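The values are calculated or read from the model by the stated rules, or taken from the named source; none is laboratory data. As the structure is a prediction and not an experimental result, all values here were calculated from the model. Please note: Cβ atoms are built from the backbone with ideal geometry, for glycine as well, and neighbour counts cover all protein chains shown. The accessibility values were calculated without ligands, DNA or RNA, using every heavy atom of the protein model including side chains. Shrake-Rupley method; radii C 1.70, N 1.55, O 1.52, S 1.80 Å.
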2 protein chains.
Amino acid sequence: MNSGEHDLGLPVDVPSTALFTDHYELTMLQGTLKSGAAHRRSVFEVFTRRLPEGRRYGVVAGTGRVLDAVENFRFDADVLSFLRERGVVDEPTLQWLASYRFSGDVWGYPEGEVYFPGSPILRVEGSFAECVLLETVILSILNHDSAIAAAASRMASAAGGRPLIEMGARRTHELAAVAASRAAYVGGFTTTSDLAAGFRYGIPTVGTSAHAFTLVHDSERDAFRAQVDSLGRGTTLLVDTYDVGEAVRMAVEIAGPDLGAVRIDSGDLLLVAHRVRQQLDELGATDTRIVVTSDLDEYAIASLAAAPVDAYGVGTQLVTGSGHPTCSMVYKLVARARSADPKAPLEPVAKKSLGAKSSLGGRKWAARRPDAQGAAEAEVVGTGPVPADLVDHQLHVELIKGGEVLAREPLDTVRDRHAAARASLPLSATQLSRGEAVIPTEFV
Amino acid sequence: MNSGEHDLGLPVDVPSTALFTDHYELTMLQGTLKSGAAHRRSVFEVFTRRLPEGRRYGVVAGTGRVLDAVENFRFDADVLSFLRERGVVDEPTLQWLASYRFSGDVWGYPEGEVYFPGSPILRVEGSFAECVLLETVILSILNHDSAIAAAASRMASAAGGRPLIEMGARRTHELAAVAASRAAYVGGFTTTSDLAAGFRYGIPTVGTSAHAFTLVHDSERDAFRAQVDSLGRGTTLLVDTYDVGEAVRMAVEIAGPDLGAVRIDSGDLLLVAHRVRQQLDELGATDTRIVVTSDLDEYAIASLAAAPVDAYGVGTQLVTGSGHPTCSMVYKLVARARSADPKAPLEPVAKKSLGAKSSLGGRKWAARRPDAQGAAEAEVVGTGPVPADLVDHQLHVELIKGGEVLAREPLDTVRDRHAAARASLPLSATQLSRGEAVIPTEFV
């Protein structure tokens with residue numbers, strides 16, 4: 001799969017990704033251009049203070065899309081006239097924006113890695129001005145995609161190797177759906193219903209028919225005949241429009257024992273799957289698979305582990321992050337120089353107010369310490385030199401250097417990385433029950 | 001506000017909206033082209049079986065985006081080669097798709113209206129083939145946008161006339177964010193932080209500074225001076241980076257009593273807002289407003305009703321639908337002719353399986369019956385002739401006729417319609433507590 005294969009242009013309805021930006025990023029730019037602080041070397045970090053309640057690990061997803069967004073972040077004439085007409089910023093700021101290209105460095109967890117509270121998922125370095133502008137679009141992408149990937153990863157664990165079909169496009173924004181398919185694939189899904197995701201990211205697409213197909217014909221029999229005539233015996237027939245037992249009998253009568261699969265979209269799936277399996281076997285259709293698709297989430301999938309189910313289709317709960325449709329990633333200034341001199345040393349900075357919103361200053365490294373058996377034991381995050389025993393266990397890779405994207409990679413690489421990262425966690429990581437982060441984060 | 005003002009092209013990263021479509025819509029097309037059912041006149045309806053748990057009304061949003069999507073739904077050469085290469089459908093189907101233009105009719109609730117379980121929110125009529133293809137993109141848009149608008153509407157009720165700032169872009173997909181800003185505006189929000197939403201839909205954008213602005217300067221004093229120098233005394237200063245009391249004192253010292261506003265983004269907002277108001281008043285800054293922005297939802301907004309707060313900024317909970325990030329709208333075939341003869345009568349059809357997924361066949365009208373005082377009393381949905389007393393209370397408007405979009409309208413019209421629709425409901429509609437739909441749906 002080549003992730004750039006069908007990239008026909010900018011993934012936006014505005015001429016670049018530059019407007020996926022909060023108004024205040026531009027006013028901060030204006031203010032610092034005037035005060036001079038715009039040119040101070042700065043380090044921003046993306047991290048979360050906590051995982052969604054009950055979750056044991058997070059999944060980094062969207063990094064590849066972040067790289068595209070940073071590369072396409074530029075202010076063309078249309079955008080500049082909009083900003084001028086609306087009086088968003090002043091003329092010197094508009095002039096600065098006209099030649100904007102990110103020229104700094106980005107380090108981060110490679111896409112597909114797992115993360116924990118405090119993990120410095122992404123580190124963006126450059127002048128304050130060039131870095132501050134990227135906050136909104138970076139967080140949009142990572143917060144959305146990581147939320148979907150985390151849900152997908154739990155579902156993939158629950159499915160225990162059975163294929164998972166992503167079919168949630170109709171339950172989320174039409175372009176969020178494309179990113180959701182991508183994130184689901186990273187998390188372990190196998191295929192998608194979303195043609196745009198197939199087109200954009202090369203994810204295999206699947207689908208055969210809905211109840212409307214049965215209803216538009218004069219009878220279920222006519223519909224099944226039409227589908228088998230058109231799509232062949234290997235197709236998947238939807239058997240719950242009227243009576244499941246009758247439909248299964250007719251499906252095998254029409255398609256023969258080579259019928260590819262039947263799909264069940266309603267009812268008590270555990271019970272119905274057992275009955276349908278028995279019926280298919282009695283009819284000699286022992287290789288005909290059973291696909292279930294009714295409001296599934298990771299718990300429903302797990303509850304069907306002992307059922308004769310061959311594939312799961314998941315919609316709503318996947319694209320809404322199974323109760324957690326966003327992550328709480330933030331993008332914080334953690335260090336900056338005290339002058340615009342490029343050689344001025346970085347000084348750690350942090351908000352100091354009361355309560356949960358404080359954060360840790362300083363440019364951070366991260367490593368995952370293994371135990372004697374090689375399983376992850378702790379997420380170690382620090383600001384000083386990396387301890388010798390952790391040097392080989394560091395998590396950051398260089399993603400952008402001097403504005404040049406270094407680390408584009410095929411989606412299958414990302415998907416494999418996630419499977420390996422999940423497998424390296426303690427076994428309790430994949431328990432579906434609510435719990436704490438499966439490994440602690442240690443700050444050194 | 002002119003909703004088409006900055007429409008520079010297709011709102012997609014694929015050449016049209018046609019790929020925002022589930023694979024099975026195209027295989028159903030292929031199957032019915034072969035069986036002939038593709039050409040049967042058909043009626044599809046969008047409705048929900050229930051409101052999200054505890055919600056008392058739904059809000060129709062996204063209709064304007066649906067009209068754009070239908071208009072831009074076409075299969076160009078790139079899309080057709082993708083479908084051919086992947087073997088999604090056969091050559092006759094590809095040929096049919098090449099000239100696809102929706103030529104049917106669409107009726108629906110006007111955007112901004114409220115809806116209830118069973119309300120026929122949208123009705124799409126044409127050949128089976130031309131209608132079935134639109135399912136996924138129509139549902140994506142309506143399910144997403146209506147979920148956000150419903151949350152926005154509850155927040156607007158809770159805010160009781162105080163302005164609401166949408167600032168959730170960083171918590172959702174970057175293009176979902178633009179649609180979310182639009183839906184929030186429909187639901188009663190005043191402004192947005194999202195520049196793309198300003199660009200695309202003309203929604204007023206706002207913003208001044210984040211904690212990073214304070215931290216990049218050598219001191220909070222330097223930062224406040226820089227901001228006031230650059231943005232003027234009318235700006236909003238963020239006062240919770242270090243010590244709120246000290247920051248407020250310094251803010252008024254630097255900007256004078258004409259300081260526009262202070263923003264509080266952490267802590268116990270009720271307590272802090274009272275203290276800050278008292279301090280501002282004592283400093284003579286009696287017109288300086290207080291903006292609060294910390295993880296608000298409709299309940300937190302309501303709890304601040306008695307606090308001296310002048311505006312609310314809402315992020316995460318708005319763009320994730322305040323616990324309900326999607327609606328459960330479905331797109332169902334409810335009637336179709338028994339032949340391809342354009343004069344053949346429509347016959348009602350419906351899935352008949354057990355459980356909650358059954359639906360009501362037949363092409364439906366809808367009306368909202370008022371009580372003697374003019375408040376809404378019932379949602380009446382029927383398939384026969386419209387009773388005389390309901391003729392003037394019908395809800396459907398014609399949106400597309402013979403493929404031509406009829407009903408584009410400015411976003412302010414939609415926003416005003418929503419405010420009026422909400423105001424016409426019984427008072428208990430805007431209670432935040434969990435409850436049933438505020439009026440019953442009667443099927444006649």
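Mind listing just one residue for me: the one in the range A:189-205 that is open to solvent by 10 Å² or more (accessible area, probe 1.4 Å) and β-branched (Val, Ile, Thr) and, of those, nearest to A:Arg415 (Cα to Cα)?
A:Thr190
Does the range B:142-161 include one or more residues that are on the phi < 0 side of the Ramachandran plot, at pLDDT 95 or above and within 7 Å of another protein chain (Cβ to nearest Cβ)?
Looking for residues that are on the phi < 0 side of the Ramachandran plot, at pLDDT 95 or above and within 7 Å of another protein chain (Cβ to nearest Cβ), one finds at least one in the range B:142-161, hence yes.
Take B:Glu298 and decide whether it is within 30 Å of A:Gly323 (Cα to Cα) and in contact with a Lys or Arg (Cβ under 7 Å, 6 or more places away or on another chain).
Details: within 30 Å of A:Gly323 (Cα to Cα): yes; in contact with a Lys or Arg (Cβ under 7 Å, 6 or more places away or on another chain): yes.
Yes, satisfied.
Looking at A:Ala176, is it open to solvent by less than 10 Å² (accessible area, probe 1.4 Å) and more than 21 Å from B:Leu139 (Cα to Cα)? Let's see the steps before the verdict.
Numbers: open to solvent by less than 10 Å² (accessible area, probe 1.4 Å): yes; more than 21 Å from B:Leu139 (Cα to Cα): no.
Taking the combined requirement at face value, the residue does not satisfy it.
What residue, of A:Asp371, A:Asp412, A:Asp416, is open to solvent by 60 Å² or more (accessible area, probe 1.4 Å) and not β-branched (Val, Ile, Thr)?
Exactly one residue qualifies, and that residue is A:Asp416.
Residues of the range A:340-353 being small (Gly, Ala, Ser) and surrounded by fewer than 15 Cβ atoms within 10 Å (Cβ to Cβ), which ones?
Within the range A:340-353, A:Ala340, A:Ala344 meet the criteria.
Looking at (1) modelled with pLDDT of 95 or more; (2) under 25 Å from B:Val186 (Cα atoms), which is the one condition that is false for B:Leu432?
Of everything listed in (1) modelled with pLDDT of 95 or more; (2) under 25 Å from B:Val186 (Cα atoms), B:Leu432 misses just condition (1).
List every residue pair whose Cβ atoms sit under 8 Å apart, with the two residues 6 or more apart in sequence or on different chains, where the first one lies in the range A:115-126 and is assigned by TED's automatic domain parsing to the domain that holds A:Thr48 and the second, anywhere, is assigned to a strand (DSSP E or B) and of a type in the set (Lys, Arg).
If the second residue must be assigned to a strand (DSSP E or B) and of a type in the set (Lys, Arg), the pairs left are A:Glu125/A:Arg41; A:Gly126/A:Arg41.
Of all residues in the range A:340-355, which are in contact with a Lys or Arg (Cβ under 7 Å, 6 or more places away or on another chain) and among the small types (Gly, Ala, Ser)?
A:Ala340, A:Ala344
Could you list all residues from the range B:426-444 that are farther than 22 Å from B:Pro120 by Cβ and among the small types (Gly, Ala, Ser)?
B:Ser428, B:Ser433, B:Gly435
Among the residues of the range B:86-141, write down those that are open to solvent by less than 20 Å² (accessible area, probe 1.4 Å), among the small types (Gly, Ala, Ser) and within 14 Å of another protein chain (Cβ to nearest Cβ).
Of everything in the range B:86-141, those that are open to solvent by less than 20 Å² (accessible area, probe 1.4 Å), among the small types (Gly, Ala, Ser) and within 14 Å of another protein chain (Cβ to nearest Cβ) turn out to be B:Gly126, B:Ala129, B:Ser140.
Search the range A:179-188 for residues being open to solvent by 10 Å² or more (accessible area, probe 1.4 Å) and farther than 23 Å from B:Ala179 by Cβ, and hand back the single one that is nearest to the other protein chains (Cβ to nearest Cβ).
Here the answer is A:Tyr185.
Looking at B:Phe75, B:Phe82, which one is within 18 Å of B:Cys131 (Cα to Cα) and either surrounded by fewer than 21 Cβ atoms within 10 Å (Cβ to Cβ) or within 13 Å of chain A (Cβ to nearest Cβ) (or both)?
B:Phe75
Evaluate the following for A:Pro308: is it in contact with a strand residue (DSSP E or B) (Cβ under 8 Å, 6 or more places away or on another chain), in a loop (DSSP other than H, G, I, E, B) and under 30 Å from A:Trp365 (Cβ atoms)? First the steps, then the outcome.
Working: in contact with a strand residue (DSSP E or B) (Cβ under 8 Å, 6 or more places away or on another chain): yes; in a loop (DSSP other than H, G, I, E, B): yes; under 30 Å from A:Trp365 (Cβ atoms): no.
So A:Pro308 does not fit the description; no.
Here is a list: A:Lys332, A:Lys401. Which entry is open to solvent by 30 Å² or more (accessible area, probe 1.4 Å) and within 14 Å of chain B (Cβ to nearest Cβ)?
Details: A:Lys401 fails: within 14 Å of chain B (Cβ to nearest Cβ).
Of A:Lys332, A:Lys401, the one residue that is open to solvent by 30 Å² or more (accessible area, probe 1.4 Å) and within 14 Å of chain B (Cβ to nearest Cβ) is A:Lys332.
What's the number of the only condition in (1) open to solvent by 10 Å² or more (accessible area, probe 1.4 Å); (2) more than 8 Å from chain B (Cβ to nearest Cβ) that A:Arg170 fails to meet?
Only one criterion is unmet by A:Arg170, namely (2).
In the same structural domain as A:Gly232 (by TED's automatic domain parsing) and farther than 22 Å from A:Phe224 by Cα, is that true of A:Asp295?
Yes: the conditions hold for A:Asp295.
Between residues in the range B:321-343 that are within 16 Å of A:His324 (Cα to Cα) and residues that are basic (Lys, Arg), which pairs lie under 8 Å by C-beta distance while being six or more apart or on different chains?
B:Ser322/B:Arg154; B:His324/B:Arg55; B:Thr326/A:Arg171
Could you say whether any residue in the range B:293-306 is surrounded by 18 or more Cβ atoms within 10 Å (Cβ to Cβ) and among the aromatic types (Phe, Trp, Tyr)?
No - not one qualifying residue is present in the range B:293-306.
Please state which one of B:Leu360, B:Leu390, B:Leu354, B:Leu280 is in the same structural domain as B:Ala423 (by TED's automatic domain parsing), on the phi < 0 side of the Ramachandran plot and modelled with pLDDT of 95 or more.
Being in the same structural domain as B:Ala423 (by TED's automatic domain parsing), on the phi < 0 side of the Ramachandran plot and modelled with pLDDT of 95 or more holds for just one of B:Leu360, B:Leu390, B:Leu354, B:Leu280, which is B:Leu390.
Of the residues that make up the range B:50-57, is at least one buried (at least 23 other Cβ atoms within 10 Å of the Cβ) and within 12 Å of chain A (Cβ to nearest Cβ)?
no
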